[in-house]
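Engineer: Below is the structure I would like to discuss, written out as structure tokens.
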Amino acid sequence: MNLASAVSSSPAAGLSRIVIVDPPVGPSATTAGRSRELCTELEAGNIVLMPSSPILIPGEDRDLLFGRRQARSPYHKNIAYRPTEDRITGASGSSEAESEQARRILRDYSRRVTEFLSNLLSPYATKWKLDYASYRPIEEKARPARLHARNDLLHFDSFPTRPTNGARILRFFTNINPVESRVWVTSQTFEAFGPRFAQTTGLANSSGREALTRRMRSFARILGIPVLSRPPYDELMHRCHNLMKEDTDFQETAPKQRWEFAPNSSWIVFTDCVSHAVLSGQYALEQTFLIPQDVLAEAKRSPLAILEKIAGRRLTI
Ligand SMILES: O=C(O)CCC(=O)C(=O)O
Ligand SMILES: [Fe+2]
């Protein structure tokens, strides 16, 4: 499969812009009109950047995260925080006290980001689903990982174990590194790339196969056999994610933009429609939100709507 041919012929088509936001002061500082505008910018695949993050982490907490307060560095891999359960995962190997500190810092981050975005992106806040937050302590440059887990290769995000069933993946990142930027490249948005991807992968012709899978699943359910049912939308997004990472020609030739997110900056991006890769950087915090279709400013531009139009059928369950 050669995805390079799926890249739009016009190099500028579907590339992202940076929209700078100076954090509003006070809880009601963003007008409803401005919020809607920002939602539209994000849904179009643009990146909202706050050069000076509204979510500053106290120096003491940073030192704890960097491991400066411990005799050894406590965190060797990404730590995830599940806000609804108030639980962290991935901190194994650290002491109970260290895990508890990480949980407190991530809980605070998650709450403050949620409060901030409830105002900045108010149209989403009534219905979003608060997903995981994460702490990313590892240097991304030359970070070893298996191919499909590599984040230095261009991809659209798709969570293999947490299907969104069409909801959008919105992420709020903060670079807490005091001196080094976090460096990303982005390429075309899903709106520019998705239709060609769908053609290249034969999405339009796959309805027969999926109908068969659906029939087999309902048969298994009747028999009481447990089935892993990932909606067709998530299957496709995951297939796209993997194909992009597998295709070295695409990775080399896709049009690219490079972004340096400076220390203490935050940025917001729909990572399911902005193809992205992280090239370098260490120490970032992140909070993910799942945004359902019915609160989007322009649902027809969403990856779900784009894929359903091509497939000619519903891709959610
Ligand atoms: O950590 C980052 O800067 C982004 C990594 C990424 O692409 C991801 O977590 O999906
Ligand atoms: Fe990603």
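Engineer: Go through Ser134, Ser158, Ser110 for me and flag whichever is within 12 Å of ligand 2 (Cβ to nearest atom) and touching a Leu at 6+ places or on another chain (Cβ under 8 Å).
Structural biologist: Of Ser134, Ser158, Ser110, the one residue that is within 12 Å of ligand 2 (Cβ to nearest atom) and touching a Leu at 6+ places or on another chain (Cβ under 8 Å) is Ser134.
Engineer: Within segment 135-158, restricting attention to residues that are free of Cβ contacts under 8 Å to residues at least 24 places away in the same chain and more than 22 Å from Phe66 (Cα to Cα), which residue is farthest from ligand 1 (Cβ to nearest atom)?
Structural biologist: Ranking the qualifying residues of segment 135-158, first place goes to Arg146.
Engineer: As an exercise: evaluate Lys127 against (1) more than 16 Å from ligand 2 (Cβ to nearest atom); (2) without any contact (Cβ under 8 Å) to a residue 60 or more places away in the chain and give the number of the one condition it does not meet.
Structural biologist: (2)
Engineer: Surrounded by 20 or more Cβ atoms within 10 Å (Cβ to Cβ), in a loop (DSSP other than H, G, I, E, B) and away from ligand 1 (no atom under 12 Å from the Cβ): does that describe Pro178?
Structural biologist: No; evaluated as a whole, the condition is false for this residue.
Engineer: Can you tell me which residues in segment 92-140 are charged (D, E, K, R), out of contact with any Ser or Thr (no Cβ under 8 Å at 6 or more places or on another chain) and not in a helix (DSSP H, G or I)?
Structural biologist: Lys127, Lys129, Arg136
Engineer: If you don't mind, there's one more thing I want to ask. Taking Thr114, is it surrounded by fewer than 17 Cβ atoms within 10 Å (Cβ to Cβ) and farther than 23 Å from Trp184 by Cβ?
Structural biologist: No.
Engineer: Could you say whether any residue in segment 165-180 is at negative phi, touching a Gly at 6+ places or on another chain (Cβ under 7 Å), in contact (Cβ under 8 Å) with a residue 12 or more places away in the chain and within 16 Å of ligand 2 (Cβ to nearest atom)?
Structural biologist: Yes, some residue in segment 165-180 is at negative phi, touching a Gly at 6+ places or on another chain (Cβ under 7 Å), in contact (Cβ under 8 Å) with a residue 12 or more places away in the chain and within 16 Å of ligand 2 (Cβ to nearest atom).
Engineer: Exactly one of (1) touching a strand residue (DSSP E or B) at 6+ places or on another chain (Cβ under 7 Å); (2) at pLDDT 95 or above; (3) away from ligand 2 (no atom under 14 Å from the Cβ) is unmet by Phe193. Its number?
Structural biologist: Every condition holds for Phe193 apart from (2).
Engineer: Something else about it: Report whether or not Ala102 is buried (at least 19 other Cβ atoms within 10 Å of the Cβ) and farther than 20 Å from Val48 by Cβ.
Structural biologist: Yes: the conditions hold for Ala102.
Engineer: Follow-up. May I ask you to verify whether Ile225 is hydrophobic (A, V, I, L, M, F, W, C) and modelled with pLDDT under 95?
Structural biologist: When the stated conditions are applied, Ile225 passes them.
The values are calculated or read from the model by the stated rules, or taken from the named source; none is laboratory data. What you are looking at is a predicted structure, and each value in this text was computed from that prediction instead of being measured. Every residue, glycine among them, receives a Cβ derived from its backbone with ideal geometry; neighbour counts consider all protein chains shown.
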